[in-house]
Amino acid sequence: MKRIRAGAAGMVLAFGLLMVSPMAAVYAQGEQTLSFAADGSKGVTIGAKGYTFTGGTLQEHTGTYRITGSTDFTIGSASPITVNGGADASVLLDGAVLSTNQGRALIRVAGNSTLRLVLRGTNRVTRTAGNGCGIQVDEGSTLIISGESDEASLDVTGGAYSPAIGAQGGASAAAPGVGGKVVIQGGTVTAAGGSNAAAIGGGRFSYADVEISGGTVEATGGDNGPGIGTGREAAGGTILISGGTVVSKGAGNAAGLGGGFKGYAAEIRITNGHVTAQADRGGIGPGLDVSGGRVVITGGTVQATGLKTGAGIGGTNSAPASVVIEGGTVTAQGGSSGADGGAGIGSGRNSAAAVDVRISGGVVFAAGGTNAAGIGNGLNASGTVSVTVTGGVVTASTPHAAADIVGNGASASGSASVTLGWKASVKTVRQDAAEALTSAKNSSGTALLSTAVVLPAGAAEKAFSVDGEPVSFPAYHENDTAFYLYMPAGEAALTCLVDEKLYTASVTAGEAVQASDWREPAAPAYAVTYSGGEGATGTAPEGASLEEGAKLTLPACPFVKEGYRFGGWSSGGQTYAAGAEFTMPGQAVTFTAVWTKISDAADSSAASPADPPATSPETGAAVPMAGLFLAFGAAAVLVVNRKRS
């Protein structure tokens, strides 16, 4: 029996080992701390099966790696820490301080590998001199950064022509360097790029894809480099921000977020998070001397600022191929430098680039700098301007008398078109005063007339409509309570909600609507009707239509019912006498006659339309019957008392 039990136990144990073996193959070796030589002369390569120190042999390991402490690497041409060979490696930086002034990147992800970099405590990866990235991600490889907590941090610095995190510089604009993907999911990441490079993204002549979904990121580009984007003279890569807090600052002739000098990102897409981007040559978009790329904003909070001659979203003498805003809250401020300035959204001075801006949702504030449009071109621009607003709430402004609020900047020679839809709401301001657009049209090409609208006090946002179609109205500018509605010639009906009441006004295109033109809705009226009930004949009293709270005196009953006497009016389970006062509820009411049968002993020649009080109608034979019962009860009491006595 003992042998049988032992055999069974062994089978269970073996089965259990088989069940857990796949998990054990991944985590059996736990965490491996990598200890480097004190003089920094040896590095490590992490592969799919384990790790190898410089000059050593493969040490098999399939778990997490941990790097801690300070090491100043003195390796010549190789990266001190390399993830290669298709590895999917998890490395914990636990208070690590890594530096070098030699060779290539301090950390390199190559050979279609993935490095999952987890932060604990405060960590630094610094190039003190020379070229090379802080962390280099090659084409086909992925770096994923996360933190054990929000406070866990990483500070990374790139060398000359190299980003702190991203793609190593390329050979030329014609032969760019292409990096892999940089993903930041959490922690606090501070990055500073080398000259002509982004902080996160590309070096000179290179670019990489960047995705940020969480954490706090502060990226500052080197001279002629953006905070996040391409390096100098590079075009490509995508930037996706879907969460977190991101601050991206460019330097020299670069944008804050997007392109370095003569460079642009293929697409910049913001779907969520808090994003701040700023640079002399433009907040978000291409760098100086080149146009291209696409900016798409569908959500989040975005603050884009051109500090000197650049647009808030756009460029200086350049612009993105298109700017699309579908949601979120976007504030775009064009820069000013002397007489020069950039548009809030569009281009800056002397631009020959076409400006194509499409807004279909969100809340947008676009303010032009000196001599620049709120949305459109800057000073002396010659590129065409196309602005289409089909939804959202848009406020555009310019400080200069010679610039269009939406369209061309001062002395600009490009053609400008503004297309608006019913769901568009555009607030236009010049020098703190509302001013209408003069050349807007609808999608059919029909000219639109500007119509100033002042809403009644207390009007609710998102409760304004034109001919029954909802239209958002813009945030008011300072103390100004008017905005402009753009409509083709003709009339339209306006409605808005005030204290849950629907106010109405009619408008003729081109003619102002004042607060006094709005009509407060009349209180609703409810029907009052009368019915004789089953078997009754006669003509019903005249009905009425009354507001809630109105008083009604109930009429005499004109109905008759053979063999019955009228006993009052019934409604809602209550009976009321003719002549009683009734308070109207907030609904229709029907009064139905109540009838009491007349006994044979009474006069039954006809039902009487007389109106006795409903609370004490005559009941005919009911009284004699009640007396009979009382007499019978008294007799019974007397009999009982006699028996007791």
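The values are calculated or read from the model by the stated rules, or taken from the named source; none is laboratory data. All values derive from a computational prediction rather than experimental measurement. Cβ atoms come from the backbone with ideal geometry, glycine included; neighbour counts cover every protein chain shown. Quick note on the areas: whole protein, heavy atoms, side chains included, nothing else; ligands and nucleic acids left out. Shrake-Rupley method; radii C 1.70, N 1.55, O 1.52, S 1.80 Å.
Volume per residue, Å³, of the convex hull around the alpha-carbon atoms of the stretch 340-423?
Cα-based convex hull of the stretch 340-423, divided per residue, equals 63 Å³.
Just the number: Rg to Rh for the stretch 188-338, Cα atoms, Kirkwood Rh, two decimals.
Working: Rg = 12.7 Å, Rh = 13.7 Å.
Ratio value, two decimals: 0.93.
Just to confirm, what accessible area per residue do you get for the stretch 242-293 at 1.4 Å probe, in whole Å²?
Result: 27 Å² per residue.
For the stretch 44-173, just say rounded, prolate or oblate: build the C-alpha gyration tensor, square-root its eigenvalues into a ≥ b ≥ c, call rounded for a/c under 1.5, and beyond that prolate if a/b exceeds b/c, oblate if not.
The shape class here is rounded.
Can you say what percent of the DSSP beta bridges in the stretch 220-285, counting only those with both residues inside, are antiparallel? Round to 5.
Expressed as a percentage, antiparallel bridges in the stretch 220-285 total about 0.
Return the sequence-ordered ³J(HN,Hα) values of the stretch 338-353 in whole Hz as given by the Karplus equation 6.51 cos²θ - 1.76 cosθ + 1.60 applied to θ = phi - 60°, using x for Gly and Pro.
x, 8, 9, x, x, 5, x, 10, x, 9, x, 5, 6, 7, 9, 6
Using label points projected 7 Å from each Cα along Cα→Cβ, tell me how many nm separate SER417 and SER444, to one decimal.
1.7 nm
Cα centroid distance between the stretch 503-540 and the stretch 87-145, in Å?
73 Å
How do 192-201, 296-305 rank on mean C-beta neighbours within 10 Å, highest first?
Those peptides, ordered most packed to least, come out 192-201, 296-305.
Pull up all non-local amide H partners of ALA96: gap of 5 or more, or a different chain, and H-to-H distance under 5 Å with H placed in the peptide plane.
Amide H neighbours of ALA96: GLY69, ARG124.
What is the extension gain from THR57 to SER149, computed as 0.36 nm multiplied by their sequence separation minus the C-alpha to C-alpha distance, in nm to one decimal?
29.6 nm
If you put +1 on each Lys and Arg Cβ and -1 on each Asp and Glu Cβ, how big is the dipole of the chain around its Cα centre, in Debye rounded to 20?
About 2340 debye.
Hey, of [x] 84, 69, 58; [y] 128, 103, 39; [z] 68, 54, 47, which did the structure itself give for Cα extents along the principal axes in Å when calculated?
After the calculation, the listed value that fits is [y].
What accessible area per residue, rounded to a whole number of Å², is obtained for the stretch 33-117 using a probe radius of 1.4 Å?
Details: 3530 Å² over 85 residues.
With the other protein chains kept in place, the stretch 33-117 gives 42 Å² per residue.
Residue by residue, what Karplus-based ³J(HN,Hα) values in Hz, rounded to whole numbers, does the stretch 581-596 have, using 6.51, -1.76 and 1.60 with θ = phi - 60° and x for Gly and Pro?
Taking θ as phi minus 60°, the curve returns 8, 10, 9, 6, x, x, 6, 5, 10, 10, 9, 10, 5, 9, 10, 10 Hz for the stretch 581-596.
Note down the net charge around VAL91, summing +1 for each Lys or Arg and -1 for each Asp or Glu among other residues with Cβ under 9 Å from its Cβ.
+2
From the residues ASN253, GLY532, ILE165, which one has its Cα farthest along the dipole of the chain in the positive direction, the dipole being from +1 and -1 charges on Cβ of Lys/Arg and Asp/Glu about the Cα centre?
ILE165
Please report the carbon-and-sulfur percent of the accessible area for the stretch 61-209; probe 1.4 Å, protein heavy atoms only, DNA, RNA and ligands left out.
Of the solvent-accessible surface of the stretch 61-209, carbon and sulfur hold 43 percent.
Quick check on my link table: of LYS181/LYS262; LYS501/LYS551; LYS551/LYS597; LYS308/LYS441; LYS181/LYS308; LYS262/LYS308, which ones sit more than 25 Å apart, alpha carbon to alpha carbon?
Distance filter (> 25 Å) returns LYS551/LYS597; LYS308/LYS441; LYS181/LYS308.
Within 10 Å, count the other beta carbons around each residue, average over each peptide in 176-185, 341-350, 444-453, and list them highest first.
Those peptides, ordered most packed to least, come out 341-350, 176-185, 444-453.
Of the options VAL178, ILE228, GLY130, report the single residue whose Cα projects farthest towards the positive end of the charge dipole of the stretch 112-252 (beta-carbon charges: Lys, Arg +1; Asp, Glu -1).
Farthest along the dipole direction, towards plus: GLY130.
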